[in-house]
Amino acid sequence: MSEVTTEPAQSSTSTTEQVKERVDERTQQLQEKASQAKVRTRERLREQIDRRSRETGEQMTSTASALRQTSEQLHGDQREPQARVLNAAIAGLLYLRGKRRVEEAGSPVPEQTVETVKEDVQWAKHPTTSAKT
């Protein structure tokens, strides 16, 4: 009789250990996936930032060149006050344009993905509870 009661206890312990091992494995897999997603996201963001920076730089160079030519012509025509006003306006426009570009770029981190991965890891650590509660 004692063997019969001992066997289920061992089976229960064995099952518990198996579940714990599976949870640990799944947690490790999720952490690896999260790490890989983080690396991929950073790479994509770097590429996107580089591309946008290049495009913005090209546009600003073109705009600055055109405005500089106009300013030089005003200087050549002895219209210094107008040239100074134009230079001030150029500086203001370039500032506003740059500021808008930075705002348009938005957050470099996709918040929803970060939160989802955090929830998955929390669930893997504690599968009986929700990470949101």
When segment 102-113 is examined, which residues are found to be at pLDDT 75 or above and touching a Ser or Thr at 6+ places or on another chain (Cβ under 7 Å)?
-> none
Limited to segment 32-43, what total is found for residues that are of a type outside the set (Val, Ile, Thr), more than 14 Å from ASP120 (Cα to Cα) and either in contact with a strand residue (DSSP E or B) (Cβ under 7 Å, 6 or more places away or on another chain) or exposed (fewer than 12 other Cβ atoms within 10 Å of the Cβ) (or both)?
-> 3
Do we have any residue at all in segment 45-62 that's at pLDDT 85 or above, surrounded by 11 or more Cβ atoms within 10 Å (Cβ to Cβ), small (Gly, Ala, Ser) and in a helix (DSSP H, G or I)?
-> no
What residue, of THR116, THR128, is among the β-branched types (Val, Ile, Thr), modelled with pLDDT under 80, out of contact with any Lys or Arg (no Cβ under 8 Å at 6 or more places or on another chain) and part of a helix (DSSP H, G or I)?
-> THR116
Which residue pairs have Cβ atoms closer than 6 Å, lie 6 or more positions apart in sequence or on different chains, and pair a first residue in segment 43-65 that is over 16 Å from LYS99 (Cβ atoms) with a second residue that is surrounded by 11 or more Cβ atoms within 10 Å (Cβ to Cβ)?
-> LEU45/PRO108
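The values are calculated or read from the model by the stated rules, or taken from the named source; none is laboratory data. Worth saying up front: this structure is predicted, and the values here are computed from it rather than measured. Counting neighbours? That spans all protein chains shown, and the Cβs are built from the backbone with ideal geometry, glycine included.
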